[in-house]
Amino acid sequence: MLIGVLPVEGAAAADIDALEAFVARHYACATRRLPPLAMPPDAYDEHRSQHDATTLLKAALAVRTADLDRLLVVTDRDIFIPMLTFIFGQAQVDGPAALLSLARLRQEFYGMPARHELMLERARKEIVHELGHTFGLVHCADKQCAMALSINVTNIDIKRDALCGACARNLADRLEAMAG
Amino acid sequence: MNSTWRILVVDDEVAMRESLAAWLREDGYVVDGAASGREAVEMARATPYDIYFLDLKMPPGIGGIETMIEIRKLQPEATVVIITAYATVDTAINALKEGAQEYMVKPCNPEEISLFVKRTIEVKNLQRENQYLRQKLTRHYTFQDIISKNAAMHAIFDLIKEVASQRSTVLIQGASGTGKELVARALHEAGGRAARPFVGVSCAALAETLLESELFGHEKGAFTGATARKRGKFEVAGGGSIFLDEIGDISPKLQMDLLRVLQERRFFRLGGTEEIPMEARIIAATNRNLQEAVEKGDFREDLFYRLNVINIRLPSLCDRREDIPLLVNHFIERLAVEAGKQVRDVSKPALKLLMDHDWPGNVRELENTIERAIVTARGETLDVADFDFLAQAPRGGAKWNAPDGMSLAEIEKHAVESVLDRTGGNIKLAAEILGVDRSTLYAMVRRHNIPR
């Protein structure tokens, strides 16, 4: 399996390096770093001062090559979908790409002192979550499972950066079906 | 289980529609999108949804409120959420007045929408369970539970209504799986004894001495193991009804005892001296031909006449084929809920297959067949492929010839032996395969002296 990692311009290269290494380790698979993607100008909503996740994801899918089994897009900007005030990330269930925003994972966003390691820890959990969706997993009722729905950082902090037993078995079945 | 809930997102803006649908799909719901109110109404007509998210303003065509009104006409129980970017107090009041459960202003907090959907599904789960339990109650314990449009069955319904409040003994005769116990319960429920106990005893499932103690009760020390006084079924039934199933299989001694109870309307506990009055109404049932058993000397003639005061003879399912579609729908409705499946219907070709089948195990066999099809079904409609297992049975239409010189009783014996052999002596499983209940199978085992 090959997972592409696509940073959106503005994301710190060192953070992307750390997250890419986590992806390779977590899925025991090869990864490929793509050159940073320029934020599409029409993704920015002046009224909301946020970027539209759907527009960004479409631009990312345009640069995806066929040999990539999954594409993980990471942005530093705050993202939204029209119905919601914000989202941490977006992925289509059984789709090829997942998007993660680091903006609201930072303590600074909430007016608190920066804690870089905590931000990376939250990012790892949300990567397992969003990529989990692309492998067909849906939200899990176990609050400590990475597939639990998070609507605030407190929810994320309760979670582990791993799946519960049931979701792990489900993922293993789906990865096996993909390989076979 | 979220995959059993269906949500429709209706908005003319594709980005809004698709992103909300994708977000809800992450929860495991089945989510579709519609670009206009008209499309939404058409989709709802084709397959109902549990929750509708409707945008208030959808030019051109009908707006959110009008769409909601149309959907409500089709599906009064549907949950509708009106969403808008231009909130005013007037539109909010109007939406709620017209029946929307919720009014959301976009963009809304993920927590708000997530909690709303979760709570709505919880309420719908309870409503579904409640509706099922209510139906189960009325259907299982009232006369109307017996579903039929067959003329012979309707004559039986009339007879039940007529005799329900009398005390006369009733003998119900019919093949296995025709609903003898259901008729007995209907007799109990439709009459003046409904508030009192209905006590069922399967006479074939118990050994003679055990059955005796079961029916009459016993005093402490009446026999080895009788460590305390026990009330028998006749006593427990009080002024209610006692249902003696498989009455044709009781021993000559018990036939004698029962005759005495029927004549004298009182009895003694085993080992007891206190006379206890018998107030319960006796309803007996058998799948055997009792007249024949009387002629052969296997069943006491005097007891037969005592039991056969009112006779109800139930037709086999083959003789009431017109009821099969009604019964199939009834079983789907009930069993799909029990199995937690989204099965709603049966296809025309599958129904034809069921109508043409022989059903030697009658309604019970039909029920088991529907249950098995539901458990393995993948779609919402049961199709011919879901009943493939019926064709695997030897009776599936291929011509079957009875072995020469073999009586029906011998064929029955061989069938029971072979199935018991296959199930390793497991009575429950064997009874399911043969389409009879356990007590009937026990009776067959005893009748044919089949070693276990």
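Label residue A:32 and residue B:125 with points 7 Å out from Cα along Cα→Cβ: what is the distance between them in nm?
4.3
For chain A, what does the helix formula give at 222 nm: sum of -39500 (n - 2.57) over DSSP H segments with n ≥ 4, over the residue count, nearest 500 deg cm²/dmol?
So the calculated ellipticity at 222 nm is -11500 deg cm²/dmol.
Note down the relative contact order for chain A as a percent, whole number, built from C-alpha pairs under 8 angstrom at least six residues apart.
17
Would you please give the residues with an amide H less than 5 Å from that of residue A:73, counting only those at least 5 places away or on a separate chain, with H modeled from the backbone geometry?
A:6, A:98, A:99, A:100
For residue B:311 and residue A:61, what does the FRET efficiency come to when R0 = 56 Å and r is the distance between their Cβ atoms, rounded to the nearest 0.05?
0.15
I need the Kirkwood Rh of the range A:2-137: take the reciprocal of the average 1/r across all distinct C-alpha pairs and report it in angstrom.
Result for the range A:2-137 stands at 14.9 Å.
In whole percent, what relative contact order does chain B give with Cα contacts below 8 Å and a gap of six or more residues?
Relative CO of chain B lands at 12 percent.
Sequence neighbours fewer than 8 away in the same chain don't count; with that in mind, list the lysines whose C-alpha is under 24 Å from residue B:124.
Answer for residue B:124, where 24 Å is the Cα cut-off: A:143, B:73, B:97, B:136, B:341, listed by chain and number.
Add +1 for every Lys or Arg and -1 for every Asp or Glu among the other residues with Cβ under 11 Å from the Cβ of residue B:115, and state the total.
In short, -2.
Between the helical axis of B:252-264 and the dominant principal axis of chain B, each derived from Cα atoms, what acute angle in degrees is found, rounded to the nearest 10?
Relative to chain B, helix B:252-264 is tipped by roughly 80 degrees.
Just tell me how shielded B:23-30 is by partners: mean number of partner chain Cβ atoms within 10 Å of each residue's Cβ, no decimals. Mind showing how you got there, number by number?
Details: counts 7, 1, 8, 14, 4, 5, 2, 0.
Taking the mean over all residues of the peptide, I get 5.
List the aspartates and glutamates whose alpha-carbon lies under 17 Å from that of residue B:413, not counting same-chain residues fewer than 8 positions away?
B:249, B:404, B:421, B:432, B:437
I need the phi-derived Karplus couplings for the range A:147-153: 6.51 cos²θ - 1.76 cosθ + 1.60, θ = phi - 60°, integer Hz, Gly and Pro marked x.
Residue by residue, the range A:147-153 yields 7, 5, 5, 10, 10, 7, 5 Hz.
In which sequence would B:414, B:218 go, from the one with the fewest C-beta neighbours within 10 Å to the one with the most?
With the fewest neighbours first, B:414, B:218 line up as B:414, B:218.
Relative to the first principal axis of the alpha-carbon coordinates of chain B, what is the inclination of helix B:37-46, with its axis defined by its Cα atoms, in degrees from 0 to 90 and to the nearest 10?
10
So what does log10 I(q)/I(0) come out to for the range A:64-126 at q = 0.16, 0.19, 0.26, 0.30 Å⁻¹, using the Debye formula with one equal point on every Cα and no solvent?
For the range A:64-126, the Cα-only Debye profile gives -0.59, -0.78, -1.14, -1.28.
Once you put a point 7 Å from the Cα of residue B:15 and another 7 Å from the Cα of residue A:142, both along the Cβ direction, what distance in nm separates them?
3.8
What percent of all Cα-Cα pairs in the range B:408-447 falls in each 5 Å bin, counting up from 0?
6, 29, 39, 24, 3
List, largest first, the extents of the alpha carbons of chain B along their principal axes, each in whole Å.
For chain B, the Cα spread along each principal axis is 86, 56, 43 Å.
Per DSSP H run of n ≥ 4, the term is -39500 (n - 2.57); total these for chain B, divide by its residue number, and report the mean residue ellipticity at 222 nm rounded to 500 deg cm²/dmol. Before the final figure, lay out each step's value.
Values: 19 runs with 217 residues, N = 452.
It comes out at -14500 deg cm²/dmol, rounded to the nearest 500.
How many nm is it between the label spots at residue B:296 and residue B:412, if each spot is 7 Å from the Cα in line with the beta carbon?
My value for the distance between the label points is 0.7 nm.
Hey, what angle do you get for helix B:110-141 against the long axis of chain B, alpha-carbon based, 0 to 90 degrees rounded to 10?
30
What are the aspartates and glutamates whose alpha-carbon lies under 20 Å from the alpha-carbon of residue B:220, with same-chain residues fewer than 8 places away excluded?
Those aspartates and glutamates meeting the cut-off are B:208, B:212, B:235, B:274, B:275.
Taking a 21 Å limit on the Cα-Cα distance, which of the listed pairs B:180/B:233; B:253/B:296; B:180/B:428; A:58/A:159; B:57/B:118; B:149/B:428 fall beyond it? Walk me through the numbers on the way to the answer.
Values: B:180/B:233 19 Å; B:253/B:296 17 Å; B:180/B:428 19 Å; A:58/A:159 29 Å; B:57/B:118 26 Å; B:149/B:428 32 Å.
Table pairs above 21 Å Cα-Cα are A:58/A:159; B:57/B:118; B:149/B:428.
Test of understanding: what is the full-extension gain from residue B:422 to residue B:253, defined as 0.36 nm times their sequence separation minus their Cα-Cα distance? Don't skip to the answer; put the middle values down first.
Numbers: separation 169, 0.36 × 169 = 60.84 nm, distance 3.45 nm.
In short, 57.4 nm is gained.
Using Cβ counts within 10 Å as a stand-in for footprinting exposure, how do B:57, B:233 rank, fewest first? Provide the component values of the computation, followed by the final result.
Numbers: B:57 14, B:233 20.
Fewest-to-most Cβ neighbours within 10 Å comes out as B:57, B:233.
Every number here is computed from the coordinates shown, using simple stated rules; none is lab data. Predicted, not measured: the structure shown is a model, and the values here were computed from it. Cβ coordinates were reconstructed from backbone atoms using ideal geometry, including for glycine residues, and neighbour counts include every protein chain displayed.
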